[in-house]
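Inspection log for the structure reproduced underneath, given as structure tokens.
Since every read-out is calculated from the coordinates, none of them should be taken as a lab result. This is a predicted model, so every value here is computed, not measured. Every residue, glycine among them, receives a Cβ derived from its backbone with ideal geometry; neighbour counts consider all protein chains shown.
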Amino acid sequence: MALVPGGVYTNLYRDQGIVSVEAFEMDVTPVTNRDYLDFVIANPEWRRSQIKRVFADDSYLAHWEDDLTPGPDAPADSPVVRVSWFAARAYAKAQHKRLPTLAEWELAARPDVSNTVARILAWYGKPVRGVMPEVRSTFVNPYGLWDMHGLVWEWVEDFNTALVTGESRADAGLERNLFCGSGTIGAASFEDYAAFMRYAFRSSLQARYTVPNLGFRCARSLKP
Amino acid sequence: MAAGPGMAATDTADWPRETAVLSSAPNVPPPTARKSPAVVKVDLEVRELEGQLADGVTYTFWTFGGTVPGPMIRVREGDVVEFTLHNHPLNKLPHNIDLHAVTGPGGGAASSFTAPGHSSTFSFKALNRGFYVYHCATAPVGMHIANGMYGCILVEPEEGLPPVDREYYLVQSEFYTAGRYGEAGHQPFSMEKALDERPDYVVFNGSVGALVGDNAITANVGETVRLYVGNGGPNLVSSFHVIGEIFDTVHVEGGDLLNHNVQTTLIPAGGSAIVEFKVEAPGTLVLVDHSIFRTFNKGSLGMLKVEGPEDLVIYSGKLRDDIYQPEGQATVTTTPAPKPERELTKAERMEAGKILYNQTCFACHQANGQGLPGVFPPLAQSDYLMSDAARAIDIVISGLQGEIEVNHVKYNQVMTPQNLSDEDIANVLTFVMNSWGNEHEMISPDEVEKVREDIKARGGSGDIGGH
């Protein structure tokens, strides 16, 4: 794992405020098929044929050959994708880790951004063909983290809080934030455009969804 | 019209159910031909895919239904539309759809927000008749539209639209690419140019040349044509015009207001117009954005080919071609370059020819002789040009019209005779035939003179000025 220094994260949607983030540790790469295979060997309830449908939709690990064989479409060193938030969380817990929060993830990804916006937008805009490339195939950032942009989207612990506050009056502002021009109040830089796409992506998810371009990596607090 | 308090919800249980016929541009779905409302099911799949933006230029389009623009949808006023949006599993991004025909928050956007590999269904009642744009409204909305996510839905009036002979569907939009217009290869989206509203491409139906040459739309003399024209934007307002026609009727902004005898109609970004006209004369009508640099330099050009007998009263063609000599002017037909004291070198002809090219030829054949695909033939590495220098001289002197084939592509345009001296023609052709990969000997004024003699010998006018 690599150390990510603490800092202050200003939420893209400002009414969600400023978050103070303590220093924490983060996996250097997204979780691979090899890692995830070990997890399902040890935890049969998370195998493709065993998983409860409330915890993952029908395409959970659909590109794997079978329960315990990732196969040619899921090379050992490529990031595991088509996993739900429930599954990602269970994996992290089994490693005595957790999923990063949205603020942690964004803070960890930030040092790349100014130099790599074009690359990020290009990746976001390009359809996937064939097999997912291996981890460590894009670039490493100043914190020593690989593939923060340009390989897969990643689950975060609070993926669905960006827009839904759980408070009905605030939820009425959902569309104001998410759709059309009103989503960009005070945010027009290139960097924000890349962030908008991540926020929009996260907002489209539900915890049981699995998506071919969506993986995850784990985090750990310094103080237990 | 909104349902007021106490107004009962529509009971659609007894209504007929049907699946909408969707059409790819430039085609239009058939009229619903119904006297009563129905429940109409529409399925649309979002695909992110690579496609051609111009000759040799590819782009990653985000599409409704795999095409730009998305298909045209046709329903009847009062119909209830059951809309399902599918987001293909291999797509990178979530998408949604905002149909301007929907009355309700977000135009359906909130209800149709869909992650890759999922589908969303919502329904709406088509309360207002008209021709409406739909588009993706997922943040960042500008980028989703700029990448191709728009199309149109027609809500027919209850009584239907008056029948016409031909209906076509086109959508104008612009693209912002890292490379300049025509730069070959895969071009990524340029956020900077999009924010500056400085597009490289302005096109009809999603790519340069989508409506020219073999893709041109057609009609016969005497027929009435109805064009459903949307503007996807994302930024520019269109000055929509058809060269050689006057719109008999314009459904202004796609609504109820009818205007007549209109030359050019404004179509806002995220708006539309329906234009109708009877075609009276054979030939090619050219569809343009009359904000005209977009047409000659960025691609907003389409063609409507009209076939049938000529009526010389309606349009005579060129009857006479005379020299005009204003009173009090010296009798000068042209101002040809004076014959130099000595024969110029090839390098000197190249230099003089380049200046002339940039004044005279550039507008059609473009800065690097690449032409406009399907419209103006290329000069750069052109088999047609390079195979016959005498023919090239003849064309500059006499002009050219009718179909020719250049580098295996057919062109059918008019080049007018050029009022140039032997010196000028020698210079410009020496330049053209030795630039952009072309290689040829110097063209001399003597060769030009010889071609003029040949033209006269076959009964043509080899003179400067056409006499």
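In chain B, a dipole from Cβ-located charges (positive for Lys and Arg, negative for Asp and Glu) runs towards its positive end, and of B:T265, B:T84, B:G130 it is B:T84 whose Cα lies farthest in that direction. Shown for A:H63, B:H95: other C-beta atoms within 10 Å of each C-beta, ranked fewest to most, produce the order A:H63, B:H95. Once each part is reduced to its C-alpha centroid, what is the distance from the range B:346-391 to the range B:230-260 in angstrom? Using only Cα atoms, the two centres lie 35 Å from each other. Look at the stretch B:108-118: the mean tally of other chain Cβ atoms within 10 Å of its residues' Cβ atoms is 5. Ranked by how many other Cβ atoms sit within 10 Å of their own Cβ, fewest first, the residues B:E45, B:E423 fall in the order B:E45, B:E423.
Note on the protein assembly as shown: antiparallel DSSP beta bridges, both residues inside, total approximately 75 percent of the bridges counted.
Estimated from the Cβ-Cβ distance and a Förster radius of 22 angstrom, the FRET efficiency linking A:N43 and A:D73 is about 0.50. Among the trypsin sites (Lys or Arg not before Pro) within the range B:415-461, those in coil by DSSP and having at most 15 neighbouring Cβ atoms inside 10 Å are B:R458.
Model label sites at B:E50 and B:V21, defined 7 Å from Cα along the beta-carbon direction, differ in position by 3.6 nm.
Once fully extended, how much extra length lies between B:F296 and B:K456, figured as 0.36 nm per residue of separation less the alpha-carbon to alpha-carbon distance? Roughly 54.1 nm would be gained on extension. P(r) tail, the protein assembly as shown: Cα-Cα pairs separated by more than 39 Å, 47% of all pairs.
Every helix of 4 or more DSSP H residues in chain B counts as -39500 (n - 2.57), and over all residues that averages to -4500 deg cm²/dmol at 222 nm.
Peptide B:134-146 is shielded by partner chain Cβ atoms: per residue, an average of 6 of them sit within 10 Å of its Cβ. So which aspartates and glutamates can B:K450 reach, going by Cα to Cα under 16 Å and dropping same-chain residues fewer than 8 places off? The qualifying aspartates and glutamates are B:D388, B:D394, B:D422, B:E423, B:D424, B:D463. Highest mean packing comes first when the peptides A:31-37, B:35-41 are listed by Cβ atoms within 10 Å, giving A:31-37, B:35-41.
With both labels modelled 7 Å from their Cα along Cα-to-Cβ, the B:N259 to B:D214 distance reads 3.8 nm.
Computed about its Cα centre, the charge dipole of the protein assembly as shown is approximately 2240 debye, with only Lys, Arg, Asp and Glu carrying charge at their Cβ. Would you mind checking the pairs B:K278/B:K298; A:K97/B:K92; B:K35/B:K278; B:K125/B:K305; B:K35/B:K92; B:K193/B:K305 and listing those with alpha carbons more than 32 angstrom apart? With Cα atoms farther than 32 Å apart: B:K125/B:K305; B:K35/B:K92; B:K193/B:K305. Positive end of the dipole of the protein assembly as shown (Cβ unit charges, origin at the Cα centre): among B:G374, B:I217, A:G215, the Cα lying farthest that way belongs to A:G215. Can you give me the C-alpha center-to-center distance between the range A:1-66 and the range B:264-293, rounded to a whole angstrom? Here the two parts' Cα centres lie 53 Å apart.
With the simple model of a label 7 Å out from the Cα in the direction of the Cβ, A:K126 to A:K223 spans 4.3 nm.
When B:C152, B:C364 are sorted by how many other C-beta atoms sit within 10 angstrom of their C-beta, beginning with the fewest, the order is B:C364, B:C152.
If R0 is taken as 30 Å, the Cβ-Cβ distance between B:Q359 and B:E192 corresponds to a FRET efficiency of 0.40. For chain B, the longest principal axis of the alpha carbon atoms and the long axis of helix B:445-457 meet at an angle near 80°.
Take the Cβ atoms of A:V140 and A:Q206, set R0 to 41 Å, and the FRET efficiency comes out at 0.80. Computed over all pairs of different Cα atoms, the Kirkwood value for the hydrodynamic radius of chain B is 24.9 Å. Annotation: for a label point projected 7 angstrom from Cα along Cα→Cβ of B:D311, residues of the range B:269-302 with backbone N closer than 16 Å are B:277-283.
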